[in-house]
Every structure is written in structure tokens, then in C-alpha cells.
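Colleague: First the structure, then my questions, so here it is.
The values are calculated or read from the model by the stated rules, or taken from the named source; none is laboratory data. Note that the structure is a prediction, hence the values are computed from the model and not measured. Accessible surface is based on the protein model in full, side chains and every heavy atom, while ligands, DNA and RNA are left aside. Shrake-Rupley method; radii C 1.70, N 1.55, O 1.52, S 1.80 Å.
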Amino acid sequence: MKVGIWFNGLGTALAGVLNIAWRALDASHQPIKSLGNAPGQNILGCIVGVWLVAAGLAILWRR
């Protein structure tokens with residue numbers, strides 16, 4: 001596997017782990033804060049984190 005694919009997969013999975021740990025979306029990249037106090041932001045952050053981890057592992061999965 002090429003090095004760029006490893007960086008992409010591990011970076012995506014790490015972003016998901018950090019998203020789950022903080023239980024929030026990154027305010028600089030996600031415009032959800034512009035909506036005000038939207039209900040369920042913590043749950044949405046965890047769901048997005050789980051999907052990011054799954055996507056990172058899917059990138060690293062061998063065919």
C-alpha cells in the first residue's frame with residue numbers, strides 16, 4: 001500500500017476518534033454553530049466520529 005493511502009486512512013480514523021472523545025464537531029470546519037444551539041450536537045458529533053473511524057478503517061482494509 002502506498003504511504004499516502006496510509007496517511008489518509010489513519011488521519012481519517014484519528015479524526016473520528018478525536019471527534020468521539022470531544023463529543024463535538026470541529027467549529028472551524030462545521031457550520032452547525034451558525035444555526036445557534038441546535039439540539040443533539042453531542043450525539044451528532046459521536047455519530048460523525050463513528051462514521052469517520054469506519055471510513056478510515058475501510059480505506060486501510062485490503063481487498
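Colleague: If you scan the stretch 3-30, which residues turn out to be open to solvent by 50 Å² or more (accessible area, probe 1.4 Å) and at pLDDT below 90?
Modeller: Those that are open to solvent by 50 Å² or more (accessible area, probe 1.4 Å) and at pLDDT below 90: L18, I20, A21, W22, R23, D26, A27, S28, H29, Q30.
Colleague: Here is a further query. Looking at (1) at pLDDT 75 or above; (2) not in a loop (DSSP other than H, G, I, E, B), find the lone condition where K33 falls short.
Modeller: Every condition holds for K33 apart from (1).
Colleague: With I59, I47, I43 as the choices, which residue is aliphatic (A, V, I, L, M), assigned to a helix (DSSP H, G or I), at pLDDT 75 or above and open to solvent by 100 Å² or more (accessible area, probe 1.4 Å)? So that I can check it myself, show each step before the final result.
Modeller: Details: I59 fails: open to solvent by 100 Å² or more (accessible area, probe 1.4 Å); I47 fails: open to solvent by 100 Å² or more (accessible area, probe 1.4 Å).
Selected residue: I43, the only one of I59, I47, I43 that is aliphatic (A, V, I, L, M), assigned to a helix (DSSP H, G or I), at pLDDT 75 or above and open to solvent by 100 Å² or more (accessible area, probe 1.4 Å).
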